[in-house]
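Undergrad: Below are the structure tokens for one structure; questions will follow.
Please treat every number below as a calculation from the coordinates, not as lab data. A quick note: this is a predicted structure, and the numbers were derived from the prediction, not measured. As a convention, Cβ positions derive from the backbone with ideal geometry for all residues, glycine included, and neighbour counts pool all protein chains shown.
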Amino acid sequence: MSLPLMLLTVVCVVGIALGQLLFKKAAMALPPNAGWMDWAFNGWLLAALVLYGVTTLLWVWVLRSASLHLAYPFMGLAFVLVPALGWLLLGEPLHWQTLVGGVLILAGVALAAQVPS
């Protein structure tokens with residue numbers, strides 16, 4: 001996989017991770033007895049849906065040029081990014097088990113990226 005394609009793949013992963021944070025913000029913004037209008041006019045939710053849409057289009061473009069067995073392992077990085085960004089931006093707890101799991105995921109992504117295409 002070329003460096004520009006790898007960077008675009010990482011951009012997709014970051015977009016997915018940021019989308020998860022936007023979904024969390026959307027959930028936190030909903031009142032307890034939310035009606036359909038609360039959902040329809042939730043700015044966080046709309047932003048998340050737009051970001052997911054754009055990221056999905058970029059992902060399809062990535063898959064035009066990269067083998068799925070090379071590109072898809074990068075999506076595992078979201079399992080590291082989402083908890084880290086949740087801790088950094090939302091004040092959510094970050095446990096050592098998540099960090100160790102993240103290191104294992106990063107090792108797996110590095111290993112999978114070495115497979116000849």
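Undergrad: Being assigned to a helix (DSSP H, G or I), farther than 21 Å from L81 by Cα, under 23 Å from the mean Cα position of the chain (by Cα) and not small (G, A, S) is the filter here, so list the residues in region 18-51 that pass it.
TA: W39, L46
Undergrad: OK, next. Which number in (1) charged (D, E, K, R); (2) surrounded by fewer than 18 Cβ atoms within 10 Å (Cβ to Cβ); (3) touching a residue at least 40 places away in the same chain (Cβ under 8 Å) marks the one condition that K24 misses?
TA: Condition (2) is where K24 drops out.
Undergrad: Please count how many residues of region 72-92 are of a type outside the set (A, V, I, L, M, F, W, C) and buried (at least 19 other Cβ atoms within 10 Å of the Cβ).
TA: Going residue by residue through region 72-92, those that are of a type outside the set (A, V, I, L, M, F, W, C) are 72-73, 76, 83, 86, 91-92.
When the remaining residues are screened for being buried (at least 19 other Cβ atoms within 10 Å of the Cβ), the result is 83.
Counting residues in region 72-92 that are of a type outside the set (A, V, I, L, M, F, W, C) and buried (at least 19 other Cβ atoms within 10 Å of the Cβ) gives 1.
Undergrad: Now for a separate question. Given the conditions (1) more than 25 Å from P4 (Cβ to Cβ); (2) exposed (fewer than 12 other Cβ atoms within 10 Å of the Cβ), and given that A110 satisfies all but one, which numbered condition is not satisfied?
TA: (1)
Undergrad: Only one of (1) under 17 Å from A110 (Cβ atoms); (2) surrounded by 13 or more Cβ atoms within 10 Å (Cβ to Cβ) is not met by S67, so which one is it?
TA: Every listed condition holds for S67 apart from (2).
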